[in-house]
Amino acid sequence: MTPSIPILPTTSVGSFPKPDYLKRARAQASRGEIKEKKLRELEERATREWIHFQEEIGIDILVDGEMYRGDMVTYFAETLKGFEISGLVRSYGNRYYRKPVVVDEIARAKPITVEWYQFAQGLTKRPVKGMLTGPYTIMDWSFNEHYKDRRAFTLALAEAIHEEAADLEKAGARFIQIDEPAVSVRPEELPLAVEAMGIVTRGLKAKTLTHICYGDFEKIYPGMLAIPVDQIDLEISNSTQDLLEIFRKSPFTKEIGLGVVDVHSHRLETKDEVKGRIEKALKVFRPEQIYVDPDCGLKTREVEEAKAKLRVIVEAAKEVRKGLVPLAR
Ligand SMILES: [Zn+2]
């Protein structure tokens, strides 16, 4: 039987840490020491382990954990036609990565994420989210050597990501998340991100949501409510109070993915802390507006840290839910 989705559903933003055996295998594969097929088997094993873990602790809406991805932008650019991948570029201090370069018309030659979605969904009766990177973010994190401007580049990407979203929906995805972590960085380009998302979500019946990483939310609020999705997921565990003040002034008209644990910190939040964050949010949002999750992807944490943070979220949400039952009657 498919478990029904309760009020204050728990979920995750996307990535989970890769287990050590998979990190080793990825390094070996990049040096040509093991075959693609072997790597794929280990990616499947890790995905299976994460799906089972989420079911076991009682998360309501699952993610596949992105065991097969390196970078969230490069992963898409590698499969889309029109891109080449640059040599190593330095970003965020000492992190180096390969940056996509658009050199020709963008086209989606084949589905990018559908096969992994089907694999993960095949392991569970609970819904698994379809996970895409949004056109604005792919554009912002790539070099443009083909399109006349950022808008033309973004809108071409939006059509390709729309095709992918439509295929995920056809494959059965009830939730489709289109991540736009870059949106909070340049408020002046918010209208472009809104326009592009309108193309991505055009005609979809699945619930659509977007994740935006921490930035200057005050500068893009309430403008970001124009992003044509059902839900906006925000990294706000450390700033719940201030943001709630902003939302009080100008009501949040969509569902909210409420980040309640800090993904950048080793420190494990207590159940009471997380409960407190959910309860604070309940002063501004209706219960049926709130989905509870970590601030962002958990891939930078150790496996055990990530699991502990997810357990605290589930336990806290369960207890807050109990307190809501009498109100709902
Ligand atoms: Zn994020």
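Bear in mind that the values in this text are calculations on the coordinates, not laboratory data. Given the structure is predicted, the values throughout are model-derived calculations rather than measurements. When we count neighbours, we look across all protein chains shown, and the Cβ atoms used for this are built from the backbone with ideal geometry, even at glycine.
Brief remarks follow.
- Whichever lysines have a C-alpha closer than 24 Å to that of Lys271, once near sequence neighbours (fewer than 8 apart) are set aside: Lys280, Lys283, Lys299, Lys307, Lys309, Lys318, Lys322
- Computed [θ] at 222 nm, helices only, for the chain once each DSSP H run of length n ≥ 4 contributes -39500 (n - 2.57): -13000 deg cm²/dmol
- The count of lysine pairs in the stretch 117-236 that are at least 8 places apart or cross chains, and whose C-alpha atoms lie under 16 Å apart, stands at 5.
- Using the average count of surrounding beta-carbon atoms within 10 Å as a protection proxy, the listed peptides 302-308, 177-183, 147-153 rank, highest first, as 177-183, 302-308, 147-153.
- The stretch between Arg31 and Asp149 holds 38.8 nm of extra length on full extension. This uses 0.36 nm per residue minus the Cα-Cα distance.
- Shown for the stretch 1-119: lysine pairs separated by 8 or more places, or found on different chains, whose C-alpha atoms are under 25 Å apart, numbering 17.
- Basic side chains Lys and Arg get +1 at the Cβ, acidic Asp and Glu get -1 at the Cβ, and with that the dipole of the stretch 176-215 about its Cα centre reaches some 260 debye.
- Positive-end residue of Thr2, Ile232, Pro135, charge dipole of the chain with Cβ unit charges: Thr2
- Total formal charge among the other residues, if their Cβ is under 12 angstrom from that of Asn238, Lys/Arg +1 and Asp/Glu -1: -4
- Note on Ala107 and Leu225: the extension gain reaches 39.6 nm, defined as 0.36 nm multiplied by sequence separation minus the Cα-Cα distance.
- Eligible aspartates and glutamates near Lys254 by straight Cα distance, threshold 15 Å, same-chain separation 8 or greater: Asp230, Asp233, Glu288
- When the Gaussian network model of the chain links Cα atoms closer than 10 Å, the mean-square fluctuations of Ser30, Ser15, Ser265 top out at Ser30.
- Debye log10 I(q)/I(0) for the stretch 93-146, one point scatterer per Cα, at q = 0.15, 0.16, 0.25, 0.32 Å⁻¹: -0.66, -0.72, -1.04, -1.27
- Neighbourhood charge, 13 Å Cβ-Cβ cut-off, centred on Lys99 and excluding it, Lys, Arg +1 and Asp, Glu -1: -2
- Net charge over other residues, Cβ less than 12 angstrom from the Cβ of Leu204 (K, R count +1; D, E count -1): 0
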